[in-house]
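Read-outs: derived from the displayed coordinates by stated rules, not from any lab. Note that the structure is predicted; figures quoted are calculated from it, not measured. FYI the Cβ positions are ideal-geometry reconstructions off the backbone, even for glycines, and counts take in every protein chain you see.
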Amino acid sequence: MRAAGDANGEYDERAVTVGSPKKAAAGIPAVLVALRRSLAQMGVLRTVATLRRVNQRDGFDCPGCAWPEESGGRKAAEFCENGAKAVAEEATRRVVDPEFFARHPVADLAARPEYWLSQQGRLTHPMVLRPGDTHYRPIGWDGAYDVIADHLNGLSGPDEAVFYTSGRTSNEAAFLYQLLVRSFGTNNLPDCSNMCHESSGTALTDSIGIGKGSVTVSDIANADLIVIAGQNPGTNHPRMLSVLAEAKANGARIIAVNPLPEAGLIRFDDPQTVRGVLGGGVPLADEFVQIRLGGDMALFRGVARLLLEADDRAPGSVLDRDFIAGHCHGFDEYAAAARGVDLDTVLAATGITAPQLHRVADMLADSRRTVVCWAMGLTQHTHAVATIGEITNILLLRGMIGKPGAGVCPVRGHSNVQGDRTMGIWEKVPDAFLDALDSRFGIRTPRRHGLDTVNAIRAMRDGRASVFVAMGGNFASATPDTEVTEAALRTCALTVQVSTKLNRSHLVHGRTALILPTLGRTDRDIVDGRKQVVSVEDSMSMVHLSRGSLPPPGDDVRSEIAIICGLARHLLGPGHPVPWERFAADYDRIRDEIAAVVPGCADYNRRVRAPDGFSLPHPPRDTRQFPTATGKANFATSPLRWVPVPPGRLVLQTLRSHDQFNTTIYGLDDRYRGISGGRRVVFVNPADIAAFGLAAGDRVDLVSEFGDDCRERRAEDFLVVPYSTPAGNAAAYYPETNPLVPLDHVADRSNTPVSKAIVIRLEKV
């Protein structure tokens, strides 16, 4: 029930309607939706003042995805529909103040859906929930720091604490956060990358020696072939569509590899062009490979065999033999594995036809500048690392690393998740980084590797960790196996959430819980009368400044940097050698320390103030140097794996709607897939619906099945929607389906939760 003063976030999941999927992305509908959401949250003047500064050189970095800006100038509207939604969510005029918490017991808030919570507005005061309390109550900042310090100093050892980081934390805050945590004595620094691109980083470090993509925006615009696998740019990285359209204008061809046809890869109606407004737009994908979930490794292994055989027929016409001989290791072993793959097995694993497999191979053979992009559709499988290694193999065969218009492109989601890792947010950071911290600050950092996200949940579950601190994010809703994760958080003595807005994690709490309100990207940050700026790193290793301009939502809201420095002094004491007060007073001093510690960041303060910032070094891209154990790019050779569909079951992938960004629900529509007014829907092939004795519009429970685990995992009451997806596969939105993902269902080596290959059965309600 809506109380006086609450924002309207009520809805009825049973009122969802289903229409036809769209065949184009963006266009005038995107503009109208962006304006409508912005005006509702911010009003007219605030909308104009804010949107004109998004991703501008003198403005702030979008708090949504990490897609880069093009060098050499910016458009007047340098944002997409979902970027506008992200800005509106943060820059909203709505507030969640102490009076709100006085109106709502925690039990009431815990029963609300994520959408309702996010609609209430920005947090304005530090709040505490003490043992036995029914409501969060205000607390002063010093009191909050004392609560945290008392709990941390009362632990048997530092490794009993977990310090999580979201991907929106600035470089400066991330650097100080890891410095605080390591000064305290632990490397327990899980972050959101553990759940998304950890598989990419693991595979790329093996193959080319650095876990980051090797391309720039210009490379994509000038490629003649772009492969986009397991990625939906129309929803998750909409500004990428403009670059793809530019590439098409330059003659590029695009291969889309995905279980679902996505509007953004069918046609792009650019609302900033006459063609996009008046109709027609730009057709994007020249080849749509509707692959079965988990079949990507088989696809690229089969293509490799065809490329090798084509080169056999005309030696030197397909393989870049000079590159392989001069820069690569392990070719012979890999070539033998690729030649030995059975093409019938490839077709069975992928679900595609032989002619299409040959067309894809021919397009790769004909290309002179190939870029391969991917996202969560590839990284969240048990064999994700092997799959990404297979992609890199294809590019190595063709000499497509360290070449203009070519390379690997893992497309990161969170706006600074890559920067967090660069700044040391990693549970397994190299000793050289720790040595630099010790030398610079006169501290002694721990060398034992810490906990990643999955292992942190296990530690809390098992009682080996009892304090959980989150620098941003929504841990309870972002993580797998919801029942297990929530129980793990509730075992903690203390949970701390540094947040901009109310979310589920504030309501899944330890015996004592704190909510600490922080500034967002859009907010002005003034320290002693001087405006402070922060920096971020985009998905292609460009580092640039971000300058918020809006007045904060309340006088008690502090920057992440101020929160970290205040906590550090309370926790570590006045004698700690790190000058926390100096850092809080002037962010340039933080950047000076980053320059001294972080590789590639020399002269940081000057370089980051260039109009487009600066690019971090990338040896494979810059000089064809590969910092691997062999000193060369390594071909990966792994046994071929895919995801068979058990009889009478489906393999489910979790995904975003068009009205969300990760766990933040902007609205209740998925315009491109024809869904309006709700989220509990499951997309199923019509043949599977008939085979299971169901009909469109039936409601079902989704029940996951995993190994020898006898525990039932159930997500209740989903609407069955017929959709174009491979037989045996299905799709549904997260976080609603996170309860179905077993905690132990993880990718080999990266430990990333497998959210794209969940075996389920459907039970009619």
Q) Using θ = phi - 60° and the Karplus form 6.51 cos²θ - 1.76 cosθ + 1.60, what ³J(HN,Hα) does each residue of region 696-705 get, whole Hz, x for Gly and Pro? A) 4, x, 5, 10, 9, 8, 9, 10, 8, 10
Q: If a/c stays under 1.5 just call it rounded; otherwise compare a/b with b/c (prolate if a/b is bigger, oblate if not). Do that for region 650-764, with a ≥ b ≥ c from the square roots of the Cα gyration tensor eigenvalues.
A: oblate
Q. Relative contact order (percent) for region 636-733, with alpha-carbon contacts under 8 angstrom and 6 or more residues of separation?
A. 36
Q.
Please compute the modelled spin-label separation between I526 and E309, points set 7 Å along Cα→Cβ, answer in nm with one decimal.
A. 7.1
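Among 546-557, 516-527, what's the highest-first ranking by average C-beta atoms within 10 angstrom per residue?
The densest-packed peptide leads the list: 516-527, 546-557.
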Q. Based on the Cβ-Cβ distance from K764 to L39, what FRET efficiency comes out when R0 is 45 Å, to the nearest 0.05?
A. 0.60
**Q.** Highest-first arrangement of 608-616, 665-673, 446-454, 292-300, where packing means the average Cβ count within 10 Å
**A.** 292-300, 665-673, 446-454, 608-616
(Q) Among the listed pairs K23/K764; K23/K501; K632/K756; K428/K632; K428/K501; K212/K756, which have their C-alpha atoms separated by more than 28 angstrom in this model? (A) K23/K764; K23/K501; K632/K756; K428/K501
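Within a Cβ distance under 14 Å of R53, other residues only, what is the Lys/Arg minus Asp/Glu net charge?
Neighbour charge sum, excluding R53 itself: +3.
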**Q.** Surrounding net charge for A730, when Lys and Arg each add one and Asp and Glu each subtract one, Cβ distance under 14 Å
**A.** 0
Q) Where the centre of each part is set by its Cα atoms, how far does region 37-71 sit from region 495-520, in angstrom? A) 25
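Relative contact order, percent, of the chain when contacts are C-alpha pairs under 8 Å separated by at least 6 residues?
Values: 1724 pairs, mean separation 163.7, N = 765.
Relative contact order for the chain comes out at 21 percent.
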Q: Please report how far the C-alpha centroid of region 564-633 lies from that of region 297-313, rounded to the nearest whole angstrom.
A: 42
Q) How many nm is it between the label spots at E705 and D555, if each spot is 7 Å from the Cα in line with the beta carbon? A) 6.2
Q.
Could you sort the peptides 130-139, 715-724, 462-471 by per-residue average Cβ neighbour count (10 Å cutoff), highest mean leading?
A. 462-471, 715-724, 130-139
Q. Are there cysteines in the chain with no other Cys C-beta under 4.7 Å, and if so, which?
A. C62, C65, C80, C192, C196, C328, C492, C565, C601, C710
(Q) Starting from the 7 Å offset along Cα-to-Cβ, what nm value, one decimal, do you get for the label separation of H576 and L343? (A) 6.3
Q.
Relative contact order for region 198-411: what percent, with Cα pairs under 8 Å and sequence separation of 6 or more?
A. 32
Q: Would you kindly derive the ³J(HN,Hα) couplings of region 264-279 from the backbone phi angles with the Karplus curve 6.51 cos²θ - 1.76 cosθ + 1.60 (θ = phi - 60°), listing them in order in whole Hz, with x for Gly and Pro?
A: x, 9, 8, 8, 10, 9, 6, x, 9, 10, 4, 4, x, 7, 7, x
Q) Taking R0 as 35 Å, what's the FRET efficiency between T17 and E99 from their Cβ-Cβ distance, rounded to 0.05? A) 0.45
(Q) Quick check for you: which residues of region 606-632 have the amide N under 17 Å from the point 7 Å beyond the Cα of S218 toward its beta carbon? (A) 610-624
